[in-house]
């Protein structure tokens, strides 16, 4: 099989790359464009308003999902097997109506939630997640040190325990340094 057309197509599509003044500059601009999409700076808004807007979108998705799932589990969309339609709380709604009702409730909740509440909730969750991410390794290493079988210590296991203690010391020192800098 002769696939000369594939070679011609490759040459035509790669010509702009070869004719560019500096490919490194072009790729740098492409990378900056991708990064501006990732950090939402292409919207031209301040950092705080971008965070609030993105959080509103996430809150809308969460509220819609929860309300729609509750309506479906309580009978919206018709009878479910094993449960009569009349016993369900939302049996008067079909699936499309449940989508609309959940969308309206989610929109009201996301639009009218104050920005301060969104930022405070985000800061609280960020603190909790960061404490978990830092605390789990510390607790795991401490647990491993405390539950190491006694009486089977060799030079290698003692050296491993020493390295684990150094790791704990380093993590806790780094935390102390960063926390002191914040306060």
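With respect to being in the same structural domain as residue 63 (by TED's automatic domain parsing), part of a helix (DSSP H, G or I) and free of Cβ contacts under 8 Å to residues at least 12 places away in the same chain, residue 139 falls outside the description. For residue 119, state whether it is in a helix (DSSP H, G or I) and surrounded by 12 or more Cβ atoms within 10 Å (Cβ to Cβ). When the stated conditions are applied, residue 119 passes them. Being closer than 30 Å to residue 126 by Cβ, part of a helix (DSSP H, G or I) and at pLDDT below 85, is that true of even one residue in region 54-63? There is at least one residue in region 54-63 that is closer than 30 Å to residue 126 by Cβ, part of a helix (DSSP H, G or I) and at pLDDT below 85.
Answer yes if at least one residue in region 154-164 is in contact (Cβ under 8 Å) with a residue 12 or more places away in the chain and more than 30 Å from residue 57 (Cβ to Cβ), and no otherwise. Yes: region 154-164 contains one or more residues that are in contact (Cβ under 8 Å) with a residue 12 or more places away in the chain and more than 30 Å from residue 57 (Cβ to Cβ).
Against the numbered list (1) exposed (fewer than 12 other Cβ atoms within 10 Å of the Cβ); (2) assigned to a helix (DSSP H, G or I); (3) modelled with pLDDT of 70 or more, residue 86 comes up short only at (3).
Has region 67-74 got at least one residue that is modelled with pLDDT under 90 and outside any helix (DSSP H, G or I)? The answer is yes, given that some residue of region 67-74 is modelled with pLDDT under 90 and outside any helix (DSSP H, G or I).
The values are calculated or read from the model by the stated rules, or taken from the named source; none is laboratory data. Just so it is clear, the structure is predicted and the values come from calculations on it, not from any experiment. All Cβ positions, even for glycine, are placed from backbone atoms using ideal geometry, and neighbour counts span all protein chains on display.
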